[in-house]
Amino acid sequence: MDFTVNAKSYPAPAKLNLFLHVVGRRPDGYHLLQSVFRFLDYGDRLHFKLRQDGRVTRTTDLPGVPQEKDLVVRAARLLQEATGCTLGVDIAVEKHLPMGGGLGGGSSDAATVLLALNRLWHLALPRVELQRLGLQLGADVPVFVFGESAFAEGVGELLQPVSLPPAWYVVIVPAVAVATAEIFAAPELTRDTTSIKMCDLSTAQLRNDLQAVVCARYPEVATCLNWLEQFGNARMTGSGACVFAEFATQHEAHQALARKPAKWQGFVAQGLDRHPLRDYAD
Ligand SMILES: C[C@@](CO)(OP(=O)(O)O)[C@H](O)COP(=O)(O)OP(=O)(O)OC[C@H]1O[C@@H](n2ccc(N)nc2=O)[C@H](O)[C@@H]1O
Ligand SMILES: Nc1ncnc2c1ncn2[C@@H]1O[C@H](COP(=O)(O)OP(=O)(O)O)[C@@H](O)[C@H]1O
């Protein structure tokens, strides 16, 4: 996949939640989480054409997502409101990431808009300000703006960088889309996992607390996980539906993917340490 950055076209990488614990709930109903986020060298690609008339448009179709609701359009408008910027933009989204896959595609698209337009519109907003704006668009947006592998707390806005060993991942994309809100609203979801400290990451028992709920409601996800488990520890990312397993080498990952049943979609990707647009804000 082309992951270069150039003047008009910018990558929006996928994320994995290497684990995801639900440790509580805020008074407004949002869940308090602990997670480690890692970016992948696989994702969407966004193309920008600046406009002088202040209009923000999406020039590509995204089935089920009207332009006004698209996170790329909302991110650009939010940036205009926050800065008074009078420039506009046409945004074309080359979509590769599945929607409702737990790979954070919509959030990553939004973060790429914030980071790219911060430069293209010459706004020079500091990173923390872009993270704050991002949180208004979705709980997953701040980590993409943060731009490094991170231990996340709160609803995903309290971020500390983590150092992770090199790794390749096989990601299987079950043929179902899981709505994040449905899984967080499930009565059977456990919401009381004991909080861990960042220094305990290497010894703690890690899992995805949303996984059991999703597997019970979407058996296809459980089937994919069972198949991946033959290669070691397999886990779901975010609220699903995608599942992944980690490999020490690219070769091993490709060998595993080659054995995938033909009816399933899947890909191999390398874990990144930094977001490709990490340097677009200070
Ligand atoms: C679960 C995670 C893990 O990274 O990823 P995804 O599976 O979406 O990729 C995220 O926390 C998802 O973040 P994001 O996808 O931005 O969620 P949002 O749009 O903010 O929230 C969708 C809905 O899920 C519920 N929600 C979301 C996040 C959270 N910490 N607690 C919640 O209860 C809320 O009902 C909210 O209205
Ligand atoms: N640019 C976008 N790309 C994907 N989804 C978007 C976008 N804008 C808004 N959405 C909405 O966000 C929802 C979550 O999509 P996405 O972030 O890709 O998955 P997930 O949160 O499971 O990782 C979609 O179902 C869609 O309704």
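Some points to look at:
- Yes/no for Val221 being in contact with a strand residue (DSSP E or B) (Cβ under 9 Å, 6 or more places away or on another chain), free of Cβ contacts under 8 Å to residues at least 40 places away in the same chain, surrounded by 22 or more Cβ atoms within 10 Å (Cβ to Cβ) and not in a loop (DSSP other than H, G, I, E, B): no
- Tabulated pairs, segment 235-246, first away from ligand 2 (no atom under 11 Å from the Cβ), second of a type in the set (Val, Ile, Thr) and assigned to a loop (DSSP other than H, G, I, E, B), C-beta under 8 angstrom, 6+ apart or interchain: Val243/Thr237; Phe244/Thr237
- Search result, residues across segment 135-150 that are more than 14 Å from the chain's Cα centre (by Cα) and crowded, with 19+ Cβ neighbours inside 10 Å: none
- Selection status of Glu94, of a type in the set (Asp, Glu), in contact with a Lys or Arg (Cβ under 8 Å, 6 or more places away or on another chain), closer than 23 Å to Ala269 by Cβ and crowded, with 17+ Cβ neighbours inside 10 Å: no
- Qualifying residue in segment 44-58 (condition: touching a Pro at 6+ places or on another chain (Cβ under 7 Å), within 15 Å of Asp109 (Cβ to Cβ) and of a type outside the set (S, T, N, Q)): yes
- Those residues of segment 186-219 which are within 16 Å of ligand 1 (Cβ to nearest atom) and among the charged types (D, E, K, R), in sequence order: Glu188, Arg191, Asp192, Arg207, Asp209, Arg217
- Pair list, Cβ < 8 Å and 6+ apart or interchain, from segment 135-152 residues that are free of Cβ contacts under 8 Å to residues at least 24 places away in the same chain and among the hydrophobic types (A, V, I, L, M, F, W, C) to residues that are part of a helix (DSSP H, G or I) and within 8 Å of ligand 1 (Cβ to nearest atom): Leu135/Val141
- Some residue of segment 166-179 being under 17 Å from Leu33 (Cα atoms), surrounded by 15 or more Cβ atoms within 10 Å (Cβ to Cβ) and within 13 Å of ligand 1 (Cβ to nearest atom): no
- Unique match (being among the β-branched types (Val, Ile, Thr) and surrounded by fewer than 16 Cβ atoms within 10 Å (Cβ to Cβ)) among Thr83, Thr59: Thr59
- Pick from segment 224-243, criterion away from ligand 1 (no atom under 16 Å from the Cβ) and outside any helix (DSSP H, G or I), ranking: surrounded by the most Cβ atoms within 10 Å (Cβ to Cβ): Ala234
- Here Glu129 fulfils each of the conditions (1) surrounded by fewer than 22 Cβ atoms within 10 Å (Cβ to Cβ); (2) within 11 Å of ligand 1 (Cβ to nearest atom); (3) over 18 Å from Phe19 (Cα atoms) apart from (2).
- Selection status of Ala177, closer than 23 Å to Val213 by Cβ and more than 12 Å from ligand 2 (Cβ to nearest atom): no
- Any hit, segment 136-144, residues being touching a Phe, Trp or Tyr at 6+ places or on another chain (Cβ under 6 Å), within 15 Å of ligand 1 (Cβ to nearest atom) and closer than 26 Å to Val176 by Cβ: yes
- Candidate set from segment 197-211 (those that are of a type outside the set (Asp, Glu) and free of Cβ contacts under 8 Å to residues at least 12 places away in the same chain); member that is surrounded by the fewest Cβ atoms within 10 Å (Cβ to Cβ): Ser202
- Some residue of segment 63-72 being of a type in the set (Gly, Ala, Ser), in a loop (DSSP other than H, G, I, E, B), more than 30 Å from Gln205 (Cα to Cα) and touching a strand residue (DSSP E or B) at 6+ places or on another chain (Cβ under 8 Å): no
- Just one residue in the set Thr59, Thr112 is hydroxyl-bearing (Ser, Thr, Tyr) and away from ligand 1 (no atom under 16 Å from the Cβ); that residue is Thr59.
- Single unsatisfied condition, Val89 versus (1) farther than 30 Å from Met198 by Cβ; (2) away from ligand 2 (no atom under 13 Å from the Cβ); (3) touching a residue at least 12 places away in the same chain (Cβ under 8 Å); (4) not in a strand (DSSP E or B): (4)
FYI, it's all coordinate maths here, none of it is from the lab. A quick note: this is a predicted structure, and the numbers were derived from the prediction, not measured. Cβ atoms come from the backbone with ideal geometry, glycine included; neighbour counts cover every protein chain shown.
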